[in-house]
Amino acid sequence: MATEWSRVCAFGGLCLFGLGVCLCKMVLLGRRSLCYWVGMAFSLEERLQLGIHGLLPPCFITQDVQLLRVLKNYEMKKDDLDRYVFLMGLQERSEKLFYRVIMSDIERFMPIIYTPTVGLACQQYGLIFRRPRGLFITIHDRGHIATLLQNWPAKNVKAVCVTDGERILGLGDLGCNGMGIPVGKLALYTACGGVPPQQCLPVMLDVGTDNEALLQDPLYIGLRHKRVRGQAYDDLLDEFMKAVSDRYGMDCLIQFEDFANLNAFRLLSKYRNMYCTFNDDIQGTAAVAVAGLLAALRITGSKMCDHTIVFQGAGEAAMGIAELITMAMEKEGLSKEDSLKKIWMVDSKGLIVKGRDHLTHEKERFAHEHPQMRNLEDVVRELKPTALIGVAAVAGAFTEKIIRDMASFNQHPIIFALSNPTSKAECTAEQCYTFTEGRGIFASGSPFDPVTLPDGRTMHPGQGNNAYIFPGVGLGVTACAIRHITEDVFLTAAEALAHLVTEKDLSEGRLYPPLSSIREVSLELAVKIIEYAYEHGIATGLPEPSDKAAYVRSLVFTTDYDDFNVDLYRWPEDSMTLQSCKL
Ligand code: NAD
């Protein structure tokens, strides 16, 4: 006890200063909110210093016991939406405990805080709304976004995830309810990539919604008018990008998420060379799919440029993946022109060929001289691809005939059914393995259970989850202050991810490392990106760290509770709980 009290005295001076700075806000927040912060893990001296002695039960418990309590409560929840609400509540009360829980079993919790449950949560956002999280900027805030950003309590934001809610997952326009997506993505920045939560800012750009059901819903939380488009929309985006970069620096990462197709491509090409930005639906997807292909090449024993690839779908995912494949082929020595010829696309109107109607600028690049064809079965039979990639959300598009045909002209046909959710997958893992007699190389967007083949082998289908990529990219880019994220960064990430797949993984059908190792994967990706960035002169962080792995590890968030005096001193600026306590 004597030592405890001498420690109290020793840091008392520092605490007084911290207390002085915080006093007004503490009065405003009330002492009870402090009790939530680390709860019964506060020591006696901390309880005395904070003036909350007696406001907590007398027992002192560790974070381990708190984890146990959370897990036991979690098990009592009746469905996934309840589990989501429970975990979000925990995130508001005690961020460190929340991340401790998530990181204790990332495979178990990722489908709750992210896809697929986050989709359900966005659909019910008005109903399950308890406290706001993230920054809401509307079309009516034009002209003063910079001032609005000042309301965000954290000054050292390094990663922003922004959506306008127009194309939330496969669920369409969910307007302001789409805020669940940036919140979920950034939670994975921390849980998988170790980016400290106070450096992450989720943003909703509310320009209205064209979803009539939401406009009529009394619980809807967004603006009640149709989407504003055209010049006013563009002005909002321009002002937002500038305001974020002015406040947080030119190296503040801005990740675009779930924008509708046209805006996604347009905004990416407009901002990619002006700001530190990327679109995960296009570029993150590309990197994870190409990583899967690179791993598959180790099974086929071929090079990327040996392949002919047919895409079912020609949207954001397809274009991103195709672009990165051509870069991988170019790296192998093929010309850009010849690499484009290796890729074919089928959209809702059929095979994309030269002279066809409805060709956007992006599709034109993959339009080749060929007669028009409407049917995917005919396309596969005619072009005899070595790889088939499904990203059109057309369930069952890879028919038995298609899969058997693929197996007839390839020893190891590559079949990626990437459409989400599971119900939209082009084929199941079992169908792929069965119709190819176990020779198919399969990956999916949503998880599939392992499949046991007639020869006794058990195959573990790879899940091309974007979470393998964006947290590591986020950590790497922010760690060395890259200002413009080139496509090479994504190819570097894809190569690093493929490299982490072991021979044992491959023999079991896995094209990705186990999801449980995602934190190590993200750190490794970050190191490779940092090495690439310094080597190619795109890192602006100086001095260049000599031991990059150690540098990355020094940055990552830990779930251990900080000493009270340190936290108190920093608390109002850095803690995200401030916002939720206030409101
Ligand atoms: P998108 O809306 O941008 O593109 C969809 C494309 O499918 C369009 O080109 C459309 O013309 C085409 N299409 C529609 N109906 C078709 C039909 N009957 N035949 C052929 N093509 C048709 O969507 P997106 O962002 O590209 O996503 C597509 C799918 O990929 C979604 O299911 C999404 O969940 C999935 N996806 C998976 C991952 C992953 O596995 N990591 C990542 C991103 C997207």
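Listing for the model above:
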quantity	calculated
Order of V556, V288, V527 under a 10 Å beta carbon neighbour criterion, fewest first	V556, V527, V288
DSSP-loop GluC sites (Glu not before Pro) across region 288-390, with at most 14 other Cβ within 10 angstrom	E332, E369
Selection from M103, L68, A260, by position along the positive dipole direction of the chain (Cβ)	L68
Ordering of 175-183, 69-77, 434-442 by packing [mean C-beta count within 10 Å, highest first]	175-183, 434-442, 69-77
Mean separation of Cα contacts under 8 Å, 6 or more apart, over the residue count of region 238-387: relative contact order %	19 percent
Relative exposure of M373, M327, judged by other C-beta atoms within 10 Å (fewest first)	M373, M327
Least to most buried among F98, F311 (fewest other Cβ within 10 Å first)	F98, F311
DSSP bridge orientation in the chain - percent antiparallel, rounded to nearest 5	10 percent
Distance in nm between pseudo-label sites at H536 and T147 (7 Å out along the Cβ direction from Cα)	4.2 nm
Within the chain: Cβ-based charge dipole about Cα centre, in debye rounded to nearest 20 (Lys, Arg +1; Asp, Glu -1)	980 debye
P(r) weight above 45 Å for the chain, C-alpha pairs, percent	18 percent
Between region 185-233 and region 493-512, the Cα center-to-center distance that results, in Å	35 Å
Average Cα contact separation per residue, the chain, under 8 Å, 6 or more apart, as relative contact order %	15 percent
Qualifying GluC sites (Glu not before Pro) for region 450-529 [loop in DSSP, other Cβ within 10 Å: at most 16]	E508
18 Å Cα-Cα threshold exceeded, pairs from K158/K242; K78/K424; K354/K424; K242/K270; K303/K341; K336/K363	K78/K424; K354/K424
All lysines inside 20 Å of K72 as judged from Cα atoms, apart from same-chain residues fewer than 8 positions distant	K96
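None of the figures in this text is laboratory data; all of them are computed from the coordinates on show. Because the structure is predicted, anything quoted here is derived from the model rather than measured. Every residue, glycine among them, receives a Cβ derived from its backbone with ideal geometry; neighbour counts consider all protein chains shown.
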